[in-house]
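A short worksheet on the structure shown next.
The values are calculated or read from the model by the stated rules, or taken from the named source; none is laboratory data. Owing to the predicted nature of the structure, the values given are computational and were not obtained by experimental measurement. Positions of Cβ are backbone-derived with ideal geometry, glycine not excepted, and every protein chain shown enters the neighbour counts. The protein model used for the area step is the full one, side chains on, heavy atoms only, and it has no ligands, DNA or RNA in it. Shrake-Rupley method; radii C 1.70, N 1.55, O 1.52, S 1.80 Å.
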Amino acid sequence: YRIGRSPIHGRGLFATTTIRSGTRVVEYLGEIITEEEADRRAVGRRHVWFFDLECGHYIDGDPALAGPCVNHSCRPNCWTEITDGRVYIVAQETIRRGEELTYDYRFEPDVDIWPCNCGARRCRGTINLRPRRRRKSRLPKKRR
């Protein structure tokens with residue numbers, strides 16, 4: 001892979017050869033920090049590369065490395081695997097030479113909304129997940 005200018009956002013990661021489905025392409029590297037430290041570091045930073053380990057800790061990704069350069073897409077060609085506190089970007093399909101590697105960031109809907117520029121046919125318009133709709137009760141309404 002190589003880091004290069006991305007049509008999605010800033011810099012991206014691009015395949016320099018065909019990558020087979022199921023291949024661990026790159027590890028998301030950086031300092032492991034607490035949620036409190038992530039909140040502190042985010043203040044005043046234009047860009048952050050935090051990866052949520054979902055255990056109260058984050059990886060503060062090093063933007064000079066490949067992992068944090070993988071952009072979001074609503075139609076990704078990769079997924080993330082968290083194993084023993086380590087994060088790997090894994091090809092979910094065969095990726096051809098020159099293609100940009102992407103995964104769905106799946107930001108929660110209750111945090112800041114970030115626009116998506118992935119260009120996918122069914123782009124949801126944001127890198128955040130859509131809020132879940134409440135199901136209507138199927139029970140008949142009580143008569144008054």
Using only alpha carbon positions, build the gyration tensor of segment 1-47, then give the equivalent ellipsoid semi-axes as the square roots of 5 times its eigenvalues, largest first, whole angstrom. 29, 16, 7
With a 1.4 Å probe and all protein chains left in place, how much accessible area per residue does the chain have, in Å²? 73 Å²
Report the accessible area of residue 55, computed with a 1.4 Å probe over the heavy atoms of all protein chains in place, in Å² rounded to the nearest 10. 90 Å²
Theoretical FRET efficiency, 1/(1+(r/R0)^6), r = Cβ-Cβ of residue 130 and residue 82, R0 22 Å, to 0.05: 0.45
Is there a quick way to get the dipole size of segment 10-87? I mean about its Cα centre, with the Cβ of Lys and Arg at +1 and of Asp and Glu at -1; what is the value in debye to the nearest 20? 540 debye
Please give the charge dipole size of the chain, origin at the Cα centre, charges +1 on K and R Cβ atoms and -1 on D and E Cβ atoms. Round to the nearest 20 debye. 1740 debye
In nm, the gap between the two label points placed 7 Å beyond Cα toward Cβ at residue 106 and residue 41 is 2.2 nm
Once amide H atoms are built 1.01 Å from N in the peptide plane, which residues 5 or more positions from residue 6, or in another chain, come under 5 Å H to H? 11, 12
So how much slack lies between residue 24 and residue 9, counting 0.36 nm per residue of separation and subtracting their Cα-Cα distance, in nm? 3.1 nm
Suppose we take every Cα in segment 50-110 and form the convex hull; what volume per residue is that in Å³? 98 Å³
Top positive-direction residue, dipole computed over the chain with Cβ charges, set 125, 58, 92: 125
Jot down the radius of gyration and Dmax of the chain, Cα atoms only, both in angstrom. 17.9, 69
Suppose every K and R has +1 on its Cβ and every D and E has -1 on its Cβ; what is the size of the dipole of segment 66-112 about the Cα centre, in Debye to the nearest 20? 280 debye
Of every hundred units of 1.4 Å-probe accessible area on the chain, the number belonging to carbon and sulfur atoms, as a percent, is 47 percent
